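Just so you know, all these numbers are worked out from the coordinates, no wet-lab data involved. In this text, all values refer to a predicted model and were calculated from it rather than measured experimentally. Every residue, glycine as well, gets a Cβ built from its backbone with ideal geometry; the counts of neighbours run over all protein chains shown.
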Amino acid sequence: MIEQFAQAIVRWRYLVVLATFGIILTAASGARFLGFDTDYRVFFSEGNPQLEAFDKLQDTYTKTDSILFMLIPEDGDVFDQETLALAHELTTEGWQLPYTTRVDSLANYQHTEADEDELVVEDLILEIEDLTPEKIAKVKRIALNEPLLKQRLISPEGHVTAVNVTVRLPQISPDETQILVAEARKLKAHYKEKYPNIDIKLTGMVMMSNAFAEAAMKDMSTLTPIMFLVVLITLAILLRSFSGTINTLLVIIMSIVSAMGIAGWLGAVITPPVANAPTIILTMAVADAVHLLVSMRQSMKHGMDKHTAIVESIRINFMPVLITSVTTAIGFLTMNFSDAPPFHTLGNVVAIGVMIAFVLSITFLPALAAILPMKVQANDEGETGNEIMDKVADFVLAKRKPFFWGTIILTMALVAAIPNNEINDNFVEYFDKTVDFRIASDYGNENLISVYNIEYSLSVKEEGGISEPAFLEGTERFANWLRTLPEVQHVNTITDTFKRLNKSMHADDIDWYKLPDDRELAAQYLLLYELSLPYGLDLNDQVDTKKSATRVVATFDNQSTQGMMKLERDIQAWLDKELPEIEVYGASPGLMFAHIGKRNVNSMIIGTSLALILISFILVVALRSRRFGVISLAPNLIPAALAFGIWGVAVGEIGMSLASAAGMTLGIVVDDTVHFLSKYLRARREKGYTPEQAVRYAFHTVGVALWVTTIVLVLGFGVLTFSTFKMNMDMGIMTAMTIAIALIVDFVFLPALLLKADKRPADQV
């Protein structure tokens with residue numbers, strides 16, 4: 001039946017080529033619907049408990065998505081006319097940025113002081129022209145002693161200050177973040193030109209979201225073209241066939257454009273992980289084409305005419321290529337078990353691309369090969385390659401015992417190192433040190449304030465309850481305890497405002513810098529203060545509308561996943577012990593990323609296990625043998641075990657991308673095993689060869705193809721190591737390493753395993 005199918009492809013080759021182009025163009029047209037999702041929330045699925053807690057907190061108080069403008073004067077002192085003028089101007093202009101709801105800075109900090117019996121509430125810097133040395137000295141004294149400013153908007157040394165622009169994105173268009181960032185950068189460029197002696201750096205969660213989008217766009221615009229070039233050169237060298245190289249490249253291009261087009265039709269969006277899809281499809285599409293072309297050239301080398309060689313190539317490769325395509329697709333579909341939706345899309349798009357590549361490889365590629373001229377010379381690469389593979393086979397057979405036991409011992413040793421891998425998803429470190437967001441965030445962490453925090457909502461049941469002395473005292477104790485933690489940079493709490501108001505209402509007597517001990521008095525202070533605040537600077541960032549809850553924000557040094565989760569546990573333990581009567585919950589993007597790593601590992605263990613079961617079942621059916629299906633498990637599992645063991649020794653950290661890649665690599669490494677075993681079993685069943693002869697036959701017939709595809713796959717995933725986005729880089733390194741190990745295992749361990757396990761006569765295999 002397969003042979004008849006192959007003959008029909010050759011007979012109707014022109015129609016097949018034309019029909020393929022028509023179908024591919026239709027599918028590819030959906031690419032126009034693809035868009036970018038720049039929100040970091042895209043990494044979290046609906047129902048994620050940390051995301052739900054964060055959304056609840058954001059709905060209760062002012063949203064915390066912001067852009068932080070850090071102002072860094074060359075002379076290291078922000079308390080001069082020029083820097084304060086810039087802070088003042090930028091505070092005013094910050095309101096003109098799209099979606100702005102609040103601007104906080106040294107300039108518009110609402111300072112309170114007593115004027116006889118009145119409470120004066122006004123900007124710390126009223127008019128920049130009136131700033132005398134005496135007034136600057138006063139601004140400096142207040143700023144460096146105010147908890148709401150120090151280590152938040154002004155460094156303790158006074159060498160960095162910041163303007164924080166809070167925004168509320170309507171989340172209607174995916175371009176919102178990019179538009180906002182573009183305007184912020186224009187503002188930065190304008191003031192950098194006006195104040196050349198002051199450096200300006202941009203950080204904050206909005207800049208992080210934009211960094212995700214820019215990483216995706218950069219990878220798509222640079223890495224995919226680089227990979228095309230790498231594949232083109234590699235195929236030209238290894239295949240030594242112009243028509244074969246062009247044919248393969250067409251299969252690759254059509255697989256990519258049709259898969260991305262179908263993704264567009266299905267409503268998918270581009271995120272940093274999804275941006276890898278073209279590069280991954282490119283590498284995966286090569287394998288099927290190479291196997292068919294190598295077999296075709298080998299048949300022609302042995303005297304077949306081109307059309308007969310094409311039919312024979314499809315006949316002997318159809319089932320192995322189908323099996324490998326299905327198992328590879330299953331591997332990528334395991335990404336749907338990931339707790340991060342972008343990996344769902346990545347897995348689905350690549351799975352679609354892999355299956356399209358299979359269909360094109362058994363239809364379009366042989367049809368076009370039948371049309372294009374193909375020359376096979378007497379001393380062609382195929383013969384030379386086969387001779388090398390024959391020598392490899394002899395060497396492996398001669399050293400079978402040391403290879404067998406050496407592989408087992410090495411695997412056991414490296415498996416023991418796998419637990420060294422700790423889960424870590426530090427979102428700042430997702431980005432290379434050359435990325436602007438990373439540069440600014442690292443500087444902010446070292447000199448002003450980090451982007452890592454946990455926001456806690458403390459609430460009582462009754463309206464106005466935050467003015468209750470007992471509640472205020474509990475909140476104050478919580479804030480003060482947080483400040484004792486070595487990781488804490490800053491704590492933002494409403495109790496500091498209450499203490500300042502109490503002092504101001506007592507003629508600025510420092511002895512009254514304490515919490516009011518009367519509920520009604522505290523409520524009056526708060527009401528009086530709120531009535532004095534200008535538009536956009538209300539207390540909604542700290543207090544809910546019913547005055548029944550308040551937000552305490554603890555900002556930490558950049559934290560690893562383990563560090564963040566330990567902090568969460570320690571803080572919760574303190575709250576449970578010290579403030580059991582107060583309802584408290586915490587949330588933040590940092591916590592969301594910390595938890596997703598662990599959640600992702602747990603979900604991917606389930607997904608990978610199911611994939612292993614399904615792939616094993618497919619292999620048993622395809623190979624028509626439970627015994628060989630079981631045998632295939634070892635060379636399929638060992639590469640991943642070795643790779644993760646090496647990673648545990650060399651790196652010791654894994655994130656959500658590596659967890660998601662486990663099932664993917666399983667699907668890929670199966671390919672070499674299937675092709676080797678299929679040729680081995682063909683030799684045993686059809687030719688009656690002994691196990692030793694069958695091993696030599698497998699090396700001779702498929703060794704070159706496995707070598708070529710492995711080189712292309714390693715180079716393909718290796719290109720991802722040049723990504724400035726750590727998720728993509730780690731995935732590239734791990735996958736390339738696993739694929740390389742898989743070839744070595746299939747070349748040195750699988751033959752030894754077959755010789756140990758396959759003792760039956762050929763007619764019983």
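Counting only DSSP beta bridges with both residues in the range 66-203, the antiparallel share comes to about 95 percent.
Proximity of backbone amide H atoms, modeled 1.01 Å from N, is registered between GLU583 and SER459 at under 5 Å, excluding neighbours fewer than 5 places apart on the same chain.
Would you calculate, for the chain, the mean residue ellipticity at 222 nm contributed by helices, counting each DSSP H stretch of 4 or more residues as -39,500 (n - 2.57) and dividing by all residues, to the nearest 500? Provide the component values of the computation, followed by the final result.
On the way: 26 runs with 478 residues, N = 765.
Computed mean residue ellipticity for the chain: -21000 deg cm²/dmol.
Per-residue 3J(HN,Hα) values for the range 712-718, derived from phi via the Karplus relation 6.51 cos²θ - 1.76 cosθ + 1.60 with θ = phi - 60°, read 5, 5, 5, 5, x, 6, x Hz in sequence order (x marks Gly and Pro).
What the phi angles of the range 146-157 give under the Karplus curve with 6.51, -1.76 and 1.60, with θ = phi - 60°, is a coupling list of 9, x, 6, 10, 4, 6, 10, 10, 8, 6, x, 7 Hz, glycine and proline written as x. For the range 21-100, the C-alpha radius of gyration divided by 2.2 N^0.38 Å, with N the number of residues, is 1.90.
Which percentage, to the nearest 5, of the DSSP beta bridges contained in the chain is antiparallel?
On the way: 43 of 48 bridges.
If I count the DSSP bridges inside the chain, around 90 percent turn out antiparallel.
Only Lys, Arg, Asp and Glu carry charge here, each on its Cβ (+1 for the first two, -1 for the last two); on that basis the range 495-598 has a dipole of about 360 debye about its Cα centre. With only Cα atoms counted, the range 307-377 has Rg and Dmax values of 16.0, 53 Å.
Highest-first packing order for the peptide set 337-349, 649-661, 225-237 is 337-349, 649-661, 225-237, based on the mean count of other beta carbon atoms within 10 Å. Placing unit charges on the Cβ atoms only, positive for Lys and Arg and negative for Asp and Glu, gives the range 427-466 a dipole magnitude near 40 debye about its Cα centre.
The label point for GLN171 and the one for LYS433, both projected 7 Å from the Cα toward the Cβ, are 3.6 nm apart.
Annotation: extensible slack from VAL620 through GLN151 equals 162.5 nm (criterion: 0.36 nm per residue apart, minus Cα-Cα distance).
For the chain, the longest principal axis of the C-alpha atoms and the axis of helix 400-415 are separated by about 10°.
Placing one equal scatterer on every Cα of the range 662-765 and applying the Debye formula, the log10 ratio I(q)/I(0) at q = 0.11, 0.17, 0.22 Å⁻¹ is -0.40, -0.76, -1.05.
Looking at the chain from every direction and averaging, what is the projected area of its Cα convex hull in nm²?
36.7 nm²
Karplus-derived 3J(HN,Hα) values for the range 423-433, using 6.51 cos²θ - 1.76 cosθ + 1.60 with θ = phi - 60°, are 6, 8, 10, 7, 5, 5, 7, 4, 9, 4, 5 Hz; glycine and proline are entered as x. Of SER29, SER441, SER632, the sequence from fewest to most neighbouring Cβ atoms within 10 angstrom is SER29, SER632, SER441.
How big is the C-alpha Rg of the range 389-529 next to the rule-of-thumb value 2.2 N^0.38 Å, as a ratio?
Values: Rg = 30.0 Å, N = 141, 2.2 N^0.38 = 14.4 Å.
Computed over Cα atoms of the range 389-529, the ratio equals 2.08.
If you model the range 66-203 as an ellipsoid using its alpha carbon gyration tensor, with each semi-axis the square root of five times an eigenvalue, the axes come out at 27, 18, 12 Å, biggest first.
So for the chain, averaging the separation of alpha carbon pairs under 8 Å that are six or more residues apart and normalising by length, what relative contact order in percent results? Intermediate results must be reported in sequence, preceding the final value.
Details: 1292 pairs, mean separation 148.6, N = 765.
That works out to 19 percent.
When exposed loop sites are taken as trypsin sites (Lys or Arg not before Pro) in a DSSP loop with at most 14 other Cβ atoms within 10 Å, the longest stretch of the chain clear of them is 169-374. The peptide list 669-677, 610-618, put in order of mean Cβ contacts within 10 Å with the highest first, becomes 669-677, 610-618. Computed on the range 50-180, with alpha-carbon pairs under 8 angstrom and 6+ residues apart, the relative contact order is 37 percent. Charge dipole of the chain (Cα centre as origin; +1 on each Lys and Arg Cβ, -1 on each Asp and Glu Cβ, all else neutral): 6200 debye, rounded to the nearest 20. Sorted on the mean count of surrounding Cβ atoms within 10 Å across their residues, most packed first, peptides 715-722, 287-294, 442-449 read 287-294, 715-722, 442-449. Between the residues GLN524, TYR585, THR561, the greatest Cα displacement towards the positive end of the dipole of the range 507-620, with unit charges on the Cβ of Lys, Arg, Asp and Glu, is found for THR561. Backbone amide hydrogens, once placed in the peptide plane, bring ASP199 within less than 5 Å of ILE72, GLU74, excluding anything fewer than 5 places away on its chain.
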